[in-house]
Amino acid sequence: MSWSNTYVGIPYKDLGRSVTGCDCWGLAKVVYQAELGLTLPDYRDGYVSAEEQAEVASLIGKETATSIWALVEAPKEFDILLFRHGRLESHVGIYVQHGVMLHMATEDQAKHEDYLSPRWHRRLAGIFRFTAGLKEAS
């Protein structure tokens, strides 16, 4: 988990997109840029606050239907885990290794958690791979 340890402790900041503070999507943007050299779509203009779950879910629904995101069954490092919050798909985590994700805990900080635990696994809505600019490892 060496790469992911770098991000543990980043504070939560609504609509944040940097290591000084971010929301769950901001954390994904920061990690993809720093670790993979990839710029993920910002999506910040698509919602007013991470608390607006319906707006976030609508935005995620539109984006997961595009060709830059591929729904996959078996996760690989850096894949995006999409979770339901209530009935809405509005939270993301980053796959680190089997059973471990890095995610932004709302009103807290970035941390590792077990996405296979009952709390998270029952809410897992899908696993997505960013396909724009990624190369398969040989």
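Bear in mind that the values in this text are calculations on the coordinates, not laboratory data. None of the values given here were measured: they were computed from a predicted structure. Glycine also receives a Cβ, built like all others from the backbone with ideal geometry; neighbour counts cover every protein chain displayed.
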Item to complete: Read phi for every residue in the range 80-91 and hand back ³J(HN,Hα) as whole Hz from Karplus 6.51 cos²θ - 1.76 cosθ + 1.60, θ = phi - 60°, with x for Gly and Pro.
Response: 9, 9, 9, 10, 7, 10, x, 8, 9, 7, 9, 9
Discussion item. For the pair K13/D42, report the inter-label distance in nm, with labels modelled 7 Å from Cα in the Cβ direction.
Written reply: 1.5
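Neighbour counts of other C-beta atoms within 10 Å: give me H112, H91, H121, H85 arranged from fewest to most. Walk me through the numbers before you get to the answer.
On the way: H112 18, H91 25, H121 12, H85 15.
Ascending Cβ contact count within 10 Å gives the list H121, H85, H112, H91.
For E107 and S2 in the same chain, what is the full-extension length gain: residue separation times 0.36 nm, less their Cα-Cα distance, in nm? Working shown, then result.
Values: separation 105, 0.36 × 105 = 37.80 nm, distance 2.45 nm.
Full-extension gain reported as 35.3 nm.
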Item to complete: On a C-alpha basis, how far is the centre of the range 12-26 from the centre of the range 67-108 in Å? Whole number, if you could?
Response: 16
Item to complete: Would you mind ranking R122, R129, R17 by Cβ crowding within 10 Å, fewest neighbours first?
Response: R122, R129, R17
